[in-house]
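Undergrad: For reference, the structure I am asking about is given below.
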Amino acid sequence: MHVAGISYFKVIITTDLFQNAKAQLEEAYKHFPASKETKAVLENPQKVIQASIPVRMDDGSLKVFQGYRVHYNTTRGPAKGGIRFHPDVNLEEVKALALWMTFKCAAVDIPLGGGKGGVIVDPRKLTTRELERLSRAYIDELFDFIGPDKDIPAPDVYTNEKVMAWMVDEYNKIVRHQHYGTITGKPVSRGGSLGRNKATALGAYYVLKKACETQGINPGNARVAVQGFGNAGYHLAKMLYDDGFNIVAVSDSRTAVKGDHINPDEVMEIKAACHNKSMECVFEDGYVKDNTKYQKITNDELLELDVDILIPAALEKVITEDNAEKIKAKMVVEVANGPTTIEADKVLEKKNVFVLPDILANSGGVTVSYFEWVQNRQGYYWEEEEVYKRLKKIIEAAFDKIYHVSKEKKINMRTAAYVVALERLSAAIDSHGTEEYFKN
Ligand code: GLU
């Protein structure tokens, strides 16, 4: 009885992420007259695949991992989106993430559709050789689903350029061609783009600066808390620190650290040297000269700090109806995908919190993935400055357009971003003809 109760509860919480994404889209439908056709097409993912992925472990045993790939919509171009390795991955989450990718690519107007993949695994518990076998096996099982004109994966939570290098290598072995453009986020030495590594953070930095101007926030005295210290969280914290923002808290999955003018590089060095690769060593003797300057808090407390800018850069659903009322930040910059639930959104709106939505704030990553794909197809590689210049142009134009729509229609930035994306998606979908067109 109890066990049944628990698994039922699990079903409820795993399904609602996709429902949450759909509810965001529903908000946009109130402000954009999408056709029946567009609504019907966007109701569900175009394709979903679940794979059982066998991997030989180092101890000789065979483990079968569950993996997914979802193409949400490919009307505007091949599916595009990362692959996540995480113990909590589930199909509903991958569907939500694929929907967000679809709207993200459309919001910044890059010619790609939306997809996403994931494997239920804690990669920290695998050896490097097991991780390589799993990465290659994922491609072996999903091979028919992906390709440079079909679906182009990239890194996401707990996958990185090394994983992408194995994956593209596996793909190329199967096709017996060098198709670098089938995966992005690769090492520069294997067809990656300069600047891809910092791209998510840099995109967020560009739009955050624009948002500061509109909200009257002055970098010189703005207090910032960053939840999550992965690629995006760390690089963004560093960019903001270098720009004079006051970083007052940072965190990883194990702990959060509070302080004043925290230098992200110092914390990163301690984390890298730490016995469990965690920030926890900030509070241990021997790692830092003066550890009284850091105070241990929880990840939940970090979210509720009295700051100007709060940056959730870890996982989804961290700002919910349970804590939204307690958020004190003037601005929330969603570097993670889906950190705010639809209920929390309403509370934040009422409190006048300016939310830079994920599909805009973290779109720098996929934008430079697009550049990588373009460079792979051309066989001609750009200088780092060129990448940054083009990223800035695309993301700032997206900010301006979305901000304008939000003012014009008196809607929040999330709904405005959806409206802008929806306008483009519906133009593409309706170009196949609508009921009115065929009736005449
Ligand atoms: N995983 C990243 C995202 O959620 C990047 C996707 C990509 O580069 O395709 O936007």
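Only the coordinates and a few stated rules stand behind these numbers; no lab work does. These figures come from a predicted structure and were not determined experimentally. Here Cβ is always computed from backbone atoms with ideal geometry, including for glycine, and neighbour counts include all displayed protein chains.
Undergrad: Near residue 247, within a Cβ-to-Cβ distance under 13 Å, what is the net charge of the other residues, with Lys and Arg +1 and Asp and Glu -1?
TA: Charge balance near residue 247 sits at -2.
Undergrad: Can you tell me which of 407, 330, 317 moves the most in a GNM of the chain? Springs connect C-alpha atoms under 10 Å apart.
TA: Of 407, 330, 317, the most mobile in the Gaussian network model is 407.
Undergrad: Moving on to the next point. Where both residues lie in the stretch 4-144, what percent of DSSP beta bridges are antiparallel, nearest 5?
TA: Bridges in the stretch 4-144 that DSSP calls antiparallel: roughly 80 percent.
Undergrad: I've got another one for you. Using 10 Å bins from zero, what percent of all Cα-Cα pairs in the stretch 325-440 falls into each bin?
TA: With a bin width of 10 Å, the distribution comes to 12, 33, 29, 19, 7, 0.
Undergrad: Sorted from fewest to most neighbouring beta carbons within 10 Å, what does the list 253, 193 look like?
TA: 253, 193
Undergrad: Would you work out the charge dipole size for the chain about its Cα centre, treating the Cβ of every Lys and Arg as +1 and the Cβ of every Asp and Glu as -1, and quote it to the nearest 20 debye?
TA: Roughly 680 debye, rounded to the nearest 20.
Undergrad: Something else: Where q = 0.18 Å⁻¹, what log10 of I(q)/I(0) comes from the Debye formula for the stretch 275-371, counting one point per Cα?
TA: Values returned for q = 0.18 Å⁻¹ are -0.87.
Undergrad: Separation of the stretch 79-98 and the stretch 369-432 by C-alpha centroid, Å?
TA: Value for the Cα centre distance between the two parts: 22 Å.
Undergrad: So which helices of the chain fit the span-like rule, where a helix is a whole DSSP H run, its Cα atoms reach 27 Å or more along the axis, and its mean Kyte-Doolittle is at least -1.0?
TA: Helices passing the filter in the chain: 2-29, 196-215, 384-409.
Undergrad: Okay, next question. In the stretch 297-427, with Lys and Arg counted as +1 and Asp and Glu as -1 at Cβ, which of these residues, 412, 388, 342, has the Cα nearest the positive end of the dipole, that is, farthest along it?
TA: Farthest towards the positive end: 412.
Undergrad: Still on this structure, I have one more. Under 15 Å from the Cβ of residue 208, count the other residues' Cβ atoms, weight Lys and Arg +1, Asp and Glu -1, and hand me the total.
TA: Every neighbour counted, the sum reads -1.
Undergrad: Compute, for the stretch 173-243, the length of the dipole vector about the Cα centre, with Cβ point charges of +1 (Lys, Arg) and -1 (Asp, Glu) only. Units Debye, rounded to 20.
TA: Here the stretch 173-243 has a charge dipole of around 480 debye.
Undergrad: As a check on your grasp of the helix formula, calculate [θ] at 222 nm for the chain: sum -39500 (n - 2.57) over DSSP H runs of n ≥ 4, divide by the residue count, round to the nearest 500.
TA: Calculated at 222 nm, the ellipticity per residue is -15000 deg cm²/dmol.
Undergrad: Taking the Cα centre of the chain as the origin and placing charges on Cβ (Lys, Arg +1; Asp, Glu -1), which of 219, 323, 44 is farthest toward the positive end of the dipole?
TA: My answer, from the dipole projection, is 44.
Undergrad: Ok, one more. Give the list, by residue number, of cysteines in the chain with no other Cys Cβ closer than 4.7 Å, or say none.
TA: Lone cysteines by the Cβ rule: 105, 212.
Undergrad: Hey, what did the chain get for relative contact order, percent, Cα under 8 Å, at least 6 apart?
TA: 17 percent
Undergrad: Please name whichever of 81, 438, 175 sits farthest to the positive end of the charge dipole of the chain, dipole taken about the Cα centre and charges placed at Cβ: Lys and Arg +1, Asp and Glu -1.
TA: Toward the positive end, the furthest listed residue is 438.
Undergrad: If you don't mind, another one. Would you work out the relative contact order for the stretch 174-327, in percent, from Cα pairs under 8 angstrom that are 6 or more residues apart?
TA: 21 percent
Undergrad: Treat the count of other C-beta atoms within 10 Å as a stand-in for reagent exposure and order 326, 162 from fewest to most.
TA: With the sparsest Cβ surroundings first, the list reads 326, 162.
Undergrad: Under the √(5λ) rule applied to the eigenvalues of the Cα gyration tensor, what semi-axes describe the equivalent ellipsoid of the chain? Give them in Å, descending.
TA: With the √(5λ) rule applied to the chain, the semi-axes are 31, 29, 23 Å.
Undergrad: Using a cut-off of 18 Å between alpha-carbon atoms, which lysines can reach residue 162, once sequence neighbours fewer than 8 places away in the same chain are excluded?
TA: Hits, sequence-local ones excluded: 125, 173, 186, 198.
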